[in-house]
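Here is the structure we will look at.
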Amino acid sequence: MEVAESLLDLIGETPLVKLRRISESLPTPIIAKLEMLNPGGSVKDRPALWMIDDAERRGLLEPGGTIIEPTSGNTGVGLAIVAAQRGYRCISVTTDKVAPEKVALLRAYGAEVVVCPGAVDPSDPQSYYRTAERLLEENPGAFQPSQYHNPVNPLSHYESTGPELWRQTGGRITHFVAGIGTGGTITGIARYLKEQDPAVHVIGADPEGSVFSGGSGRPYLVEGVGEDFWPSTYDPSLVDRVIAVSDEESFLTTRRVAHEEGLLIGGSCGMAVAAAVRVAAEADPDDVVVVLLPDSGRGYLSRIFNDDWMARYGFLRSEGVTIGDVLESKQGGTDALIYVRPEDCVRDAIGLMRKHSISQLPVAKGEMPIAAAEVSGCVQELMLMERTFADPGALDLTVEEMMGPPMPTLGVGQPVELAVQSLEQAPAVLVLAGGRPKDVLTRTDVLTFLSPDDGSRR
């Protein structure tokens with residue numbers, strides 16, 4: 001009988017499929033490696049199994065032991081499956097950027113989940129890296145696979161995914177495209193493919209803002225890829241090119257693949273396909289371009305495949321008059337968001353308000369374009385007036401010591417009616433476009449739009 005002894009025996013040997021409609025206008029078709037067909041739904045099943053097997057061989061994980069790992073979800077699922085099969089306790093430490101479906105999935109497999117803030121520095125005690133370290137100290141004998149630094153991570157792909165791709169393409173593969181997260185997938189596969197044919201081009205897809213494509217690691221919305229540090233499991237010498245892809249292009253491509261190919265994929269898959277489209281557009285007809293699709297879209301139904309969520313972050317535009325129309329009508333029509341940083345002086349914030357004739361300012365870290373996750377608060381003229389009247393010394397405090405909660409947010413493509421409703425409760429809203437803050441919309445802006453100088457009603 002053709003019966004597997006264990007679910008773990010079914011990991012790997014995922015098929016290839018041509019993305020026929022996505023690539024119909026390109027010189028060469030894009031071929032996808034469907035890693036969501038692994039038992040745990042992602043490519044991370046491979047390193048999860050390999051790392052636990054290695055830990056058992058080396059005596060690092062005893063029977064009944066505990067596995068603790070910081071993970072964006074997919075590695076956690078792989079580890080939870082292995083833990084369930086072999087009787088281990090599993091603790092996944094993740095961030096609040098991870099979709100709630102992934103957290104629920106981890107718990108469904110019996111894992112314990114600790115959720116940490118995502119918009120903090122890796123050295124912050126609240127970061128998921130530091131939280132995992134603390135949990136290791138609190139659980140003597142626990143094992144951390146350390147997917148970002150464990151050489152078995154890329155080894156799993158060198159021994160399984162790479163050989164599969166070479167065999168499945170009959171050795172004809174010329175371009176391989178994959179997202180970069182821990183770097184294990186792209187490093188292991190690239191090493192194997194280049195040993196077979198040094199001419200194979202390896203292309204990494206990376207979120208805008210991640211260090212792999214030259215960013216600082218600032219927040220972005222795509223999950224499971226990109227980093228704010230360089231993992232030792234990543235070998236950049238094996239990657240010929242890195243393509244930065246925006247959140248907007250990643251998510252819209254994700255939805256396009258579902259609508260046109262019938263493949264429900266995750267956001268990092270959409271990012272990889274967007275990069276693969278650029279590669280295939282420059283390729284020759286005889287080239288073979290393969291893109292690795294790491295997971296399923298079932299873990300993103302409340303986000304990427306939710307129209308309300310997409311609209312709220314400024315990725316979709318509704319019919320009729322939108323908030324974007326109001327912003328375009330503003331005098332000056334600037335796209336340069338005016339904001340202050342938490343460390344700025346209150347006196348300087350007031351000066352900025354006076355200079356631009358505005359009554360409120362978002363408070364955010366970093367340089368433009370900032371991410372929505374970098375917005376930490378808001379200062380308003382009424383609040384500043386009351387505080388400085390009561391205590392003139394407040395002028396020399398930092399903005400962080402005086403700020404209130406962040407403004408409500410709306411997407412640039414949402415109906416203007418939603419802005420009116422929000423402005424009944426707050427004097428201003430922060431408008432997002434492509435997942436990033438674009439401008440501040442006030443009651444005066446909407447009134448001016450509704451009652452233009454020429455007397456016509458918008």
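Mean separation of Cα pairs under 8 Å and 6 or more residues apart, divided by the residue count, gives the chain a relative contact order of 14 percent. Take every pair of alpha-carbon atoms less than 8 Å apart whose residues are at least six positions apart; their mean separation over the length of region 39-99 yields a relative contact order of 39 percent.
Pairs spanning more than 26 Å between alpha-carbon atoms, out of Lys44/Lys194; Lys330/Lys355; Lys355/Lys438; Lys44/Lys438: Lys44/Lys438. Of Ile189, Ile358, the sequence from fewest to most neighbouring Cβ atoms within 10 angstrom is Ile358, Ile189.
Sorting the segments 300-307, 240-247 by their mean number of nearby beta carbons within 10 angstrom, highest to lowest, gives 240-247, 300-307. Taking amide H as placed 1.01 Å from N in the peptide plane, the amide H of Val202 sits under 5 Å from that of Phe176, Asp240, Arg241, each at least 5 places away or on another chain. Values of log10 I(q)/I(0) for region 339-394 across q = 0.14, 0.29 Å⁻¹ run -0.38, -1.23, by the Debye formula with one identical scatterer at each alpha carbon and no solvent.
Annotation: peptides 314-322, 193-201, ranked by per-residue average of other Cβ atoms within 10 Å with the highest first, follow the order 314-322, 193-201.
Dividing the Cα radius of gyration by the Kirkwood radius, what Rg/Rh value follows for region 205-356? Spell out each step's value before the answer.
On the way: Rg = 19.5 Å, Rh = 18.3 Å.
Rounded to two decimals, Rg over Rh is 1.06.
Treat region 27-68 as a sphere of radius equal to its Kirkwood radius over Cα pairs and apply Stokes-Einstein at 37 °C in a medium of 0.692 mPa s; give the translational diffusion coefficient in µm²/s, rounded to a whole number. Could the numbers behind the result be given before it?
Numbers: Rh = 12.6 Å.
Result for D is 260 µm²/s.
Given region 346-458, report the % of alpha carbon pairs whose separation exceeds 25 Å. Beyond 25 Å sits 28 percent of the P(r) for region 346-458.
Per-residue ellipticity at 222 nm for the chain, helices alone: DSSP H runs ≥ 4 residues times -39500 (n - 2.57), over residue total, nearest 500 deg cm²/dmol? Kindly include the intermediate steps, with their values, before the conclusion.
Working: 16 runs with 155 residues, N = 458.
That calculation yields -10000 deg cm²/dmol at 222 nm.
Pairs of Cα atoms nearer than 8 Å and 6+ residues apart set the relative contact order; for region 45-138 it is 24 percent.
The charge dipole of the chain, taken about the Cα centre with unit charges on the Cβ atoms of Lys, Arg (+1) and Asp, Glu (-1), comes to about 400 debye, rounded to the nearest 20.
Quick note: the coordinates plus some simple rules give every number you see, no bench work behind them. Everything numeric here is computed off the predicted structure, so don't read it as measured data. Note: ideal-geometry Cβ built from the backbone for every residue, glycine included; neighbour counts use all protein chains shown.
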